[in-house]
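One structure is given below, encoded as structure tokens.
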Amino acid sequence: MMNDAIKPLAWLLGRWQAEKGQGVYPTISDFKYGEEVEFFHVGQPNVQFSFYSWNPETKRPMHREIGFIRIKPGTNKVALMCAHNFGVSEVQEGEVTENRLQAETVGITRMSFAKDPETKKVSRIFCRTDDELEQVVSMETSNTPMTEHLRIKYKKVQ
Ligand code: HEM
């Protein structure tokens, strides 16, 4: 049964898929990607998530991320804990409404031998409209100020 604490996140729950994600950044070539996203709960006051992306041509796995979301009880304040496969972990905080979640890095740690440039800050927005979920991710690195990196629209598959 869903814990009352995560009811404001109910609109995110389920499995979502997209084939046409768009990646950009001033320092790299534009790219396309596919991604499957899952948000689920096990009755605890947190939502667990996974983001698994792939190259649409070769189908090879690309960026992968797993984590948890919690809500500060009695508020619309939300916190995400994310572990990225390229050696970075971060906590993001922000706000959730009835169809939108916005959060930004408040703390970040990277493996000492993670690839440069350093990710300094990540900002993400999820927005749900009917059976579609859009995510826009921007980031700041040691070389580049906060700039869009990802834009993707998922369809619900489960
Ligand atoms: C490059 C971070 C998600 C694909 C980069 C770079 C960083 C980064 C720091 C290097 C930029 C530079 O050289 O100036 C992140 C973060 C993500 C994320 C923090 C999630 C919040 C993704 C996703 C994909 C992706 C979902 C799609 C599959 C790429 C590609 C490059 C890149 C293709 C360029 C090649 C490379 O450096 O490996 N990303 N990324 N990223 N990212 Fe992401």
Val78 being in contact with a helix residue (DSSP H, G or I) (Cβ under 9 Å, 6 or more places away or on another chain) and either at positive phi or in contact (Cβ under 8 Å) with a residue 40 or more places away in the chain (or both)
yes
Restricted to region 128-150 and to residues being of a type outside the set (A, V, I, L, M) and either buried (at least 16 other Cβ atoms within 10 Å of the Cβ) or touching a helix residue (DSSP H, G or I) at 6+ places or on another chain (Cβ under 6 Å) (or both), the residue nearest to Asn99 (Cα to Cα) is Arg128
Quick one: which residue in Glu36, Glu57 is of a type in the set (D, E, K, R), assigned to a strand (DSSP E or B) and within 15 Å of the ligand (Cβ to nearest atom)?
Glu36
Taking interchain pairs and intrachain pairs at least six residues apart, which have beta carbon atoms under 9 angstrom, with the first residue in region 128-153 and over 26 Å from Leu13 (Cβ atoms) and the second acidic (Asp, Glu) and outside any strand (DSSP E or B)?
Thr141/Asp116; Thr141/Glu118; Ser142/Asp116; Ser142/Glu118; Asn143/Asp116; Asn143/Glu118
Within region 20-33, which residues are buried (at least 16 other Cβ atoms within 10 Å of the Cβ) and part of a loop (DSSP other than H, G, I, E, B)?
Tyr25
Based on what the data block shows, is His63 in contact with a Gly (Cβ under 7 Å, 6 or more places away or on another chain) and of a type outside the set (Lys, Arg)?
no
Condition first: more than 20 Å from Glu140 (Cα to Cα) and not β-branched (Val, Ile, Thr). Now tell me which residues in region 67-94 satisfy that.
Gly67, Phe68, Arg70, Lys72, Pro73, Gly74, Asn76, Lys77
So Lys72 ticks every box in (1) more than 18 Å from Lys7 (Cβ to Cβ); (2) free of Cβ contacts under 8 Å to residues at least 24 places away in the same chain but one. Which box is left unticked?
(1)
Cβ contacts < 6 Å: first residue within 25 Å of Met81 (Cα to Cα), restricted to region 48-65; second residue polar (S, T, N, Q) and assigned to a strand (DSSP E or B), any location; separation 6+ or different chain. Result?
Met62/Ser53; His63/Ser53
Checked against (1) under 12 Å from the mean Cα position of the chain (by Cα); (2) crowded, with 17+ Cβ neighbours inside 10 Å, Val91 satisfies every condition except (2)
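Looking only at residues that are under 26 Å from Pro45 (Cα atoms) and near the ligand (Cβ under 10 Å from one of its atoms) in region 76-88, which one is surrounded by the fewest Cβ atoms within 10 Å (Cβ to Cβ)?
Asn85
Does Gly23 satisfy the criteria of being in contact with a Phe, Trp or Tyr (Cβ under 7 Å, 6 or more places away or on another chain), more than 12 Å from the ligand (Cβ to nearest atom) and touching a residue at least 40 places away in the same chain (Cβ under 8 Å)?
Here the answer is no, as Gly23 does not meet what is asked.
Every read-out reported here was derived from the displayed coordinates using simple, explicitly stated rules and does not represent laboratory data. Just so it is clear, the structure is predicted and the values come from calculations on it, not from any experiment. Every residue, glycine as well, gets a Cβ built from its backbone with ideal geometry; the counts of neighbours run over all protein chains shown.
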